[in-house]
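I have placed the structure first, in the form of structure tokens, so that the comments after it can refer back to it.
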Ligand code: PFF
């Protein structure tokens, strides 16, 4: 147990956890949700969900991981031996594995678009929807890009916690946080961008209904990487002096800042190309934005180049650091629970993700007619089962577990670092109240709503 890997510094553990949180969910999914749910009002509700639910569940995952210093499955086994709670440890590991199988497909698209931006060919796409459709439905090219992203992730994971995850998070995250300003400035410099700013800054509360609130909650969970074993596994590498609540606050702040900045990149740019709607859906990043880049290229070529390269680089860095964090809980589980060598465990995780990733990728082409369940393609099925079913179920179980099952003194010892940190009593009370009542009820509502939409 003593030789178990640890992050070497507080900065390292914050950047690694923030790397997990900041991902496609921020740059791709968040603006899509903002566009579809009415702009600024959605952002305010999202921030409220992050503060009330996100921070509590994240602190709880940190607490479980740091207390046990074990992979997610063994963590629950240690805390509640021979009980049904162990199921959550298992669920966390498998949710992560499921997510990896389709997340790598979209990360592969990002890499392809980065290459197109670097070569400047993105500036000459005339019909971006047809281009996207032709690329994603072709059999080999998306697979090749997906495989490259999985190999990159694997390469970091086999290097271990300090020389892999921590070292690369300390390089990739600062680069990401630095370059994000460039596409924001480029977007603001587009003609007609003010309209987009107005959309982001002026809340229209008439758009708010229960669906919007539930979408905001679901987005907060996905974006903060909650309920999937990732943050719990990372926390098992935290030192005893890490401040759990403060770390959760820093990670949530970085994640939300990147999400809002992504809105500032996308909407001013999108509004400058007047014929596209801000609620264009998931195509926003791969169909709508190439139109913007093409326009920028045709007026000021270097601006188009910088804008597109920086944007897709940002997206790729965000996606890769998240992929690393999705890979780790499964690798750690196979390595520690089954006593496999870490490299063997990582090979198994990568190989299985590759196999199912192929099915998910081909869902956009030759396998589009194969609908294993509920008329969904493989891609939609993996997304649905992990993000829409396992994630809320996991969130409810974690809240109930820490709120009701864990010994109150253990919880307080962990969040106060054995009494050495002063946490105001009202905060501890609020935290426990949210876990006992608010989080399970609220997440339960997301879940029921999602099932009802089927
Ligand atoms: N939080 C990541 C994002 O916003 O893209 C996605 C993610 C990472 C989901 C890690 C799940 C996970 F375990």
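Here are some notes:
- Meets criteria (in contact with a helix residue (DSSP H, G or I) (Cβ under 6 Å, 6 or more places away or on another chain), surrounded by fewer than 22 Cβ atoms within 10 Å (Cβ to Cβ), modelled with pLDDT of 95 or more and closer than 29 Å to residue 431 by Cβ) for residue 77: yes
- If the condition is being surrounded by fewer than 24 Cβ atoms within 10 Å (Cβ to Cβ), in a helix (DSSP H, G or I) and either in contact (Cβ under 8 Å) with a residue 60 or more places away in the chain or more than 16 Å from the ligand (Cβ to nearest atom) (or both), then the stretch 80-90 contributes 86, 87.
- Residue check for residue 409: touching a helix residue (DSSP H, G or I) at 6+ places or on another chain (Cβ under 7 Å), more than 16 Å from the ligand (Cβ to nearest atom) and either within 20 Å of residue 235 (Cα to Cα) or in contact (Cβ under 8 Å) with a residue 12 or more places away in the chain (or both): no
- Per this entry, residue 345 is counted among residues that are away from the ligand (no atom under 16 Å from the Cβ), assigned to a helix (DSSP H, G or I) and free of Cβ contacts under 8 Å to residues at least 40 places away in the same chain.
- Helices (runs of 4 or more DSSP H) wholly inside the stretch 156-242 that include at least 2 residues being within 15 Å of the ligand (Cβ to nearest atom), over 28 Å from residue 34 (Cβ atoms) and out of contact with any strand residue (DSSP E or B) (no Cβ under 9 Å at 6 or more places or on another chain): 230-235
- From the options 326, 287, 306, residue that is under 21 Å from residue 106 (Cβ atoms), at pLDDT below 95 and buried (at least 17 other Cβ atoms within 10 Å of the Cβ): 287
- For the stretch 372-454, the helices (runs of 4 or more DSSP H) that sit wholly inside it and include 1 or more residues that are more than 20 Å from residue 245 (Cβ to Cβ) are 378-383, 391-400, 439-452.
- Residue within the stretch 180-188 that is surrounded by fewer than 23 Cβ atoms within 10 Å (Cβ to Cβ) and more than 23 Å from residue 18 (Cα to Cα) present: yes
The values are calculated or read from the model by the stated rules, or taken from the named source; none is laboratory data. Fair warning: this is a prediction, and the values are worked out from it, not measured in the lab. Backbone-built Cβ (ideal geometry, glycine too); neighbour counts: all protein chains shown.
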